[in-house]
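Single-structure report; data block below.
None of the figures in this text is laboratory data; all of them are computed from the coordinates on show. Being a predicted model, the structure only gives us computed values, none of them experimental.
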Amino acid sequence: MILTKAQYDEIAQCLVSVPPTRQSLRKLKQRFPRYLNGVGRNGAAPVLLELANEVDYAPSLMARIILERFLQEHEETPPSKSVINSMLRDPSQIPDGVLANQVYQCIVNDCCYGPLVDCIKHAIGHEHEVLLRDMLLEKNLSFLDEDQLRAKGYDKTPDFILQVPVAVEGHIIHWIESKASFGDECSHHAYLHDQFWSYWNRFGPGLVIYWYGFIQELDCNRERGILLKACFPTDIVTLCHSVA
C-alpha cells in the first residue's frame with residue numbers, strides 16, 4: 001500500500017482537526033478505509049507493517065495505537081496499560097485473529113522498540129552485569145549486588161555497592177553501574193537525572209561503565225563524584241595496596 005504525499009497530508013490534516021472520540025474514529029475509518037481494505041483482501045499480508053514503514057513510524061508503536069483503538073471500540077471500559085502490554089508480548093491473546101497476526105508482524109520486524117527488543121536489551125544488560133560480577137570476584141572485591149540491596153530495603157540502587165571503597169585513576173569509588181549501551185548525550189543526561197545523582201547522594205562517588213563506549217565530553221563530573229569508563233578498570237587501588 002503506497003500513499004502519495006497529498007493522500008498522507010490529507011489524512012494527517014484530518015487527524016489534527018477531529019476530536020479524539022470514538023465517533024471521530026468511525027468517521028476516519030469510513031473516509032480512509034485503507035487498513036480494513038488491505039486486510040480484507042489478504043489478512044496475512046503485513047498491511048500494518050507496511051503502513052508503519054510508509055509513514056516512517058516504529059512498527060511496534062503503530063501496533064500499540066491500533067490495538068488500543070480496537071480494544072476501546074470493543075470493550076466497555078478503556079484497556080489498561082498492563083493488558084495492552086500483555087497482548088503485545090503475546091499477540092495470541094488478541095481476540096481478533098487478523099489483528100493478532102498484524103501486531104505480531106509489527107513486533108518481530110521492529111529493530112528499535114517493542115517487547116522483543118526489550119527482551120534483547122534485558123538479556124544483553126544481564127550478560128554484562130554477570131561479566132562485571134565475575135571481574136569483581138576475580139579482583140577479590142567485596143560487594144553487594146542489586147538484589148541484596150533491595151532485600152535490605154533500598155528501592156533505587158546501582159548494580160553493585162563496594163563494601164570497601166577503591167580508587168580508580170585517583171578517584172574514590174563506592175559503587176559501580178553497568179550500562180550495556182553507548183553513552184550518548186540524551187541517554188546519559190537522563191541517567192544522571194534518574195539514577196546516577198541519586199546513587200551519588202545516597203552512597204557517595206561511583207563509577208559507570210558504558211560497555212559500548214560513550215562521548216568523551218560527557219566524562220565531566222569526575223571531580224563531583226561520577227566517573228565514566230568504557231571497560232572494567234585495570235588500575236584499581238584497594239585499601240590493602242594503600243597500606244602496603
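The table for this structure:
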| item | result |
| --- | --- |
| Amide proton proximity set for residue 174, modelled H, under 5 Å, gap of 5+ | 206, 207 |
| Contour minus Cα-Cα distance for residue 90 and residue 138 (0.36 nm per residue) | 13.2 nm |
| The range 177-244-the range 125-168 distance, computed between alpha-carbon centres (Å) | 14 Å |
| Computed lengthening from residue 13 to residue 126, 0.36 nm per intervening residue step minus Cα-Cα distance | 36.2 nm |
| Gained length - residue 195 relative to residue 146, 0.36 nm times residue gap less alpha-carbon distance | 16.3 nm |
